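Report on the following structure.
Just so you know, all these numbers are worked out from the coordinates, no wet-lab data involved. Bear in mind that the values here come from a model prediction, so they are computed numbers and not experimental data. Cβ sites come from the backbone with ideal geometry, for glycine too, and all protein chains shown count toward neighbours.
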Amino acid sequence: PSFQATREEMHSTRGRANLLRALFTSSLDTGENITEDDVFDALELCLACKGCKAECPSAVDLAKLKYEFLERYYSHGRGHRHPVRDYLFAYLGSISRLGSVFNPITNYLLKNINQIGVGERWLRLSNRRNLPQIAQKAFSPLSRNSIAPNIDIESNPEKVLFLSDPFTEYFQPGIGMAALEVLAAVGCQIEIIPVIGSGRTLLSKGFVKSARNHAQKVVDSITNLDSNSEAAIVGIEPSEIYTLRDEYVDLFPGREDVKAIADRAQMIDEFLIRPGYDGQSRILRIAKLSRNPGSKAQEVLLHGHCYQKSQSPAKDGYPIGEHATVELLERVGYEVKLIDAGCCGMAGAFGYEAEHFDLSMSIGELALFPQVRNAHDQQIVAASGYSCITQIRDGTGKDPCHPITLIQNRIYSSL
C-alpha cells in the first residue's frame, strides 16, 4: 500500500526485498554498498500488512522480515536506540493496564496530550489524530461474571479459550462481552486466557525477545487451562489471533506443543461457522432463531483486516479470514458486501505517528474511504480490526461496528 501511495520503487515489495538481499550480500549489481540505515528507510513505510505474503508468487512475508530486521537494527552495541514512542506502542498492554488504574487522569492526559506540549513535540504523535480513551472498566473484570452456556442448545458445553488483547481489554470491552454472549448462546463454556494479547505490538516494533517471553506466558497459560489440548482458542482482534497462529511456530521452531496450540487458534468468525461436537455449524444452532423471513435483510458493508485477507485457504475447506466473516453474517440474515480495498492505512501505531499521518490517510483515500463515504444510510459499515475501525472513523466520520456485535444484535432481536 505504501508503494501505491508513493510510487517509489524502494517502497515496493521487490524494492525492499532487493535492499535486504543487498545488505546481506554487501553489494548490488552497481557495486553500491547498502547500509542498515538504507534498509531502515525503506522498511519504515512498510505497514506490515502481509499483502506481499498473500499476493507475491514467492509468498515473501515482509512483515516478518521487518520485525527481524528491527531486532537486529536496534540490538545492543549497534549504535541505534528505540525512540520512547516505540516503547509506548510495543508495551501498550502493560501501559494501558497501569493507565486503567488511574482512569480519569489517564484519559485527561490522552485527550490533552498535544495541548500540554507532549504529543507531537516529544513523542512525535500526530496532533491530527485523537488518542483513544481507556474504558471505565476493563474486559477481564467484566468477564468474571461469566456467561453460562445455553444448555438448551448444548447439554455437553464445548470448552473454548478466549484470547483477549490490549484493544479489547482496555479500549473496547463491550465488544469482548458481545463475543462472550455469542459464544455462550451457541453452547460454549468459556475460559479467559489470563495473559492479555499474543505479543503483536512487541513484534511490530522489533522487540522480538520480549515478544518471545510474552508468547511463552501465553503458551503456559493455555496449557494450564487445557492440558488435553482439545479446546479451540478464539479471539476477535485479527492482528492478535493470527500472530498466535502464524508467528508462534517461528518464535519457537521445532516446538510441537506450540504448533498444536497455533493450529487451534482462530478468529471467532471462523470458529462459529465450523461444526461443533454435534456435526452442525455452531452458528446454525442459533441462526434459525435470528432470522425474520418477512423482513428485508440489512445490508453490511464489510472491510476485512489485512491479516484476514492474507490467510491461505483452510485445509478443512471452510471459509477463512474475511470470507468467514461474510459467511457468518449471511448465516444470520445479513446481506454482505465486501469493500474492494487493501490496507486501511492505519497499521497499528503507523497512523498515529506524526511523520506517517499524511501517508496513512492517503492510503485510506486510495479505495477505502470513498467507498465508505458512498455507503447509503441503510448500510451498516463493519470492520474486525481495532486499527481499521479507528481509521474509518477518523477518515470518513462514520462509526463502524465489529461484526460480532451484529451477531449479538441478531440474538437479542430473536428473544
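General observations
- 13 Å beta-carbon shell around residue 141, net charge (K/R +1, D/E -1): +2
- Computed label-point distance, nm, for sites residue 38 and residue 260 using a 7 Å Cα→Cβ extension: 4.8 nm
- Taken along the Cα-to-beta-carbon direction at a fixed 7 Å, the label points for residue 105 and residue 78 span 3.7 nm.
- Across 53/315; 315/398; 111/398; 205/337, pairs whose alpha-carbon gap is larger than 28 Å: 315/398; 205/337
- Listed by Cβ neighbour count within 10 Å, with the fewest neighbours leading, 390, 106 appear as 106, 390.
- Between residue 68 and residue 362, the modelled labels are 3.0 nm apart [label points 7 Å from Cα along Cα→Cβ].
- Fewest-first sequence of 337, 315 by Cβ atoms within 10 Å of each Cβ: 315, 337
- For the pair residue 123 and residue 399, the difference between a 0.36 nm per residue extended length and the Cα-Cα distance amounts to 96.6 nm.
- Cβ charges +1 (Lys, Arg) and -1 (Asp, Glu), total dipole of the chain, debye: 700 debye
- Antiparallel bridges, percent of DSSP beta bridges restricted to the chain (to nearest 5): 10 percent
- Antiparallel content of DSSP bridges confined to the range 296-392, in %, to 5: 0 percent
- Note on the range 183-262 and the range 346-415: Cα centroid distance 26 Å, given to the nearest whole angstrom.
- Burial ordering of 344, 52, fewest other beta-carbon atoms within 10 Å first: 52, 344
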